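Taking it in order: structure first as structure tokens, then the write-up.
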Amino acid sequence: MEASMDLLHSSGVEMVRYLQVNYRDSQSWFTLISVAADLRNTFYVFFPIWFHLYEAVGVKLIWVAVIGDWLNLIFKWILFGQRPYWWVHETSYYGNLSVPVLEQYTITCETGPGSPSGHTMGSAGVCYVMVTAIVTSTFRKKQHSIRNWCLRAFLWGAFWVVQLCVCASRVFVAAHFPHQVFMGVISGMVVAEAFGRINAIYNASLKKYLQITLLLFSFALGFYLLLKALGVDLLWSVEKAQRWCAQAEWVHIDTTPFAGLVRNMGALFGLGLALNSPIYTESCKGKRGQQFCFRISCIVASLIVLHLFDSVKPPAQKELLFYFLSFCKSAAVPVAAVAIIPFSVSQVMNQQEKKVL
């Protein structure tokens, strides 16, 4: 088993070397793709756009992103996946041969285990939701014209091009082996397809959101503590990242397993809080919520406010404080986009209409 994994990892290292040597000039492009595929963009960009255009899709995006990333964490803790940038330094596979030199970049030093890739899993899940939403709305009348089939082929073709780019970028920066990114894509699509069949997420109460948030967090924490009691440290990868990262400042606390967990739990709880708030009902569920101008205004205002909000980073000196503030920050994102900003836009539009009258 170990020999076969070493062979798989060594072939992955060769792929990393091939991309880094032959596509060195594309470094900025690969870096941009990895940054764009970060799950934060789902919360800060895709969610507010889709929520105000088609509310159900926006809600599904949050669920797929949160549950997908939670499953990704559990899979990583179970599979103990290596990462190329530290595996080449610790393996005995090369023996007396020279160890391949892998370039590292500012986004290379992820601290969690490597399998499956969180970037590709999140990207595949989120993109799958968006593409299926467009396909469903476009072909609602079930017309089978050549133009419709061409559009469908274009959308799914674009989906796979995006996924291949994300996979290549994660391999290029030596953050993942090829098999890990492919596992991430398949896993993300499975999660997205599963949530396409669950209608209960669209009318869940605040109590249900709170229960699910506590259940997911308790399960992950309990799983970690149980294995720790058995002598298995699930944070083993953090030490490897700190040891083998080329620059100490490239190791960020927000890439640790628990940082992602509290961030996602905050987003899910915040969505439940927002959807069950009276100001959401007042601003988005009435006649105002049906107006195209109102929706576009909410999208623009949300993107601006959330961009400014994202630039504020919790202090990383104290871990517990960082995790608490990360939870609060993530919870505030859907609350702002779903409730506070639409309510504010509605009040402004009401005042303008009164002046006109």
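Yes/no per residue for (1) outside any helix (DSSP H, G or I); (2) more than 30 Å from Ala56 (Cα to Cα); (3) within 17 Å of the chain's Cα centre (by Cα):
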position: Leu214; (1), (2), (3): no, no, no
position: Tyr224; (1), (2), (3): no, yes, no
position: Asp254; (1), (2), (3): no, no, yes
position: Gly260; (1), (2), (3): no, no, yes
position: Leu271; (1), (2), (3): no, no, yes
position: Ile279; (1), (2), (3): no, no, no
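Let me confirm something: among Val173, Val162, Val181, Val191, which residue is of a type outside the set (Ser, Thr, Tyr), touching a Cys at 6+ places or on another chain (Cβ under 7 Å) and touching a residue at least 40 places away in the same chain (Cβ under 8 Å)?
Working: Val173 fails: touching a Cys at 6+ places or on another chain (Cβ under 7 Å); Val162 fails: touching a residue at least 40 places away in the same chain (Cβ under 8 Å); Val191 fails: touching a Cys at 6+ places or on another chain (Cβ under 7 Å).
The match here is Val181.
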*Which residue, of Glu239, Glu282, Glu249, is touching a helix residue (DSSP H, G or I) at 6+ places or on another chain (Cβ under 8 Å) and farther than 18 Å from Arg40 by Cβ?*
Glu282
*Under 7 Å by Cβ, and 6 or more places apart or on different chains, what pairs join a residue from the range 1-26 that is under 17 Å from Trp86 (Cβ atoms) with one that is open to solvent by 60 Å² or more (accessible area, probe 1.4 Å)?*
Asp6/Tyr93; Ser10/Tyr93; Gln20/Glu103
*Quick one: Thr111 ticks every box in (1) buried (at least 16 other Cβ atoms within 10 Å of the Cβ); (2) assigned to a helix (DSSP H, G or I); (3) of a type in the set (Ser, Thr, Tyr) bar one, so which box is it?*
(2)
*For residues that are of a type in the set (S, T, N, Q) and in a helix (DSSP H, G or I), scanning just the range 292-326, find the one that is most open to solvent (accessible area, probe 1.4 Å).*
Ser297
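Against the condition free of Cβ contacts under 8 Å to residues at least 24 places away in the same chain, under 25 Å from Ile74 (Cβ atoms) and either touching a Phe, Trp or Tyr at 6+ places or on another chain (Cβ under 6 Å) or open to solvent by less than 70 Å² (accessible area, probe 1.4 Å) (or both), how does Val238 come out, does it pass? Spell out the reasoning first.
On the way: free of Cβ contacts under 8 Å to residues at least 24 places away in the same chain: no; under 25 Å from Ile74 (Cβ atoms): yes; either touching a Phe, Trp or Tyr at 6+ places or on another chain (Cβ under 6 Å) or open to solvent by less than 70 Å² (accessible area, probe 1.4 Å) (or both): yes.
When the stated conditions are applied, Val238 does not pass them.
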*asked:* Please go through (1) farther than 20 Å from Val66 by Cβ; (2) charged (D, E, K, R); (3) surrounded by 15 or more Cβ atoms within 10 Å (Cβ to Cβ) for Arg147 and return the number of the only condition it doesn't satisfy.
replied: (3)
*Which one of the conditions (1) of a type outside the set (Phe, Trp, Tyr); (2) part of a helix (DSSP H, G or I); (3) within 30 Å of Leu32 (Cα to Cα) does Ile201 fail to meet, given that it meets all the rest?*
(3)
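Output the number of residues of the range 4-28 satisfying the condition of being small (Gly, Ala, Ser) and open to solvent by less than 60 Å² (accessible area, probe 1.4 Å).
Going residue by residue through the range 4-28, those that are small (Gly, Ala, Ser) are 4, 10-12, 26, 28.
Then keep just the ones that are open to solvent by less than 60 Å² (accessible area, probe 1.4 Å); that gives 10, 12, 26.
Going through the range 4-28 one residue at a time, the tally reaches 3.
In the range 305-354, which residues are of a type in the set (Asp, Glu) and either closer than 14 Å to Ala259 by Cα or without any contact (Cβ under 8 Å) to a residue 60 or more places away in the chain (or both)? Outline the logic, then answer.
Pass one, the range 305-354, residues of a type in the set (Asp, Glu): 310, 319, 353.
Residues satisfying the conditions are Glu319, Glu353.
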*What pairs can you find where one residue is in the range 201-225 and more than 20 Å from Val191 (Cβ to Cβ), the other is assigned to a helix (DSSP H, G or I) and modelled with pLDDT of 95 or more, and their Cβ atoms are less than 7 Å apart, with a gap of 6+ or different chains?*
Leu206/Gly272; Leu206/Leu273; Leu210/Phe269; Leu210/Gly272
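The values are calculated or read from the model by the stated rules, or taken from the named source; none is laboratory data. Model, not experiment: these values are computed from the prediction. Virtual Cβ from ideal backbone geometry, glycine too; neighbours counted across all protein chains shown. Note: areas computed on protein heavy atoms with side chains; ligands, DNA, RNA excluded. Shrake-Rupley method; radii C 1.70, N 1.55, O 1.52, S 1.80 Å.
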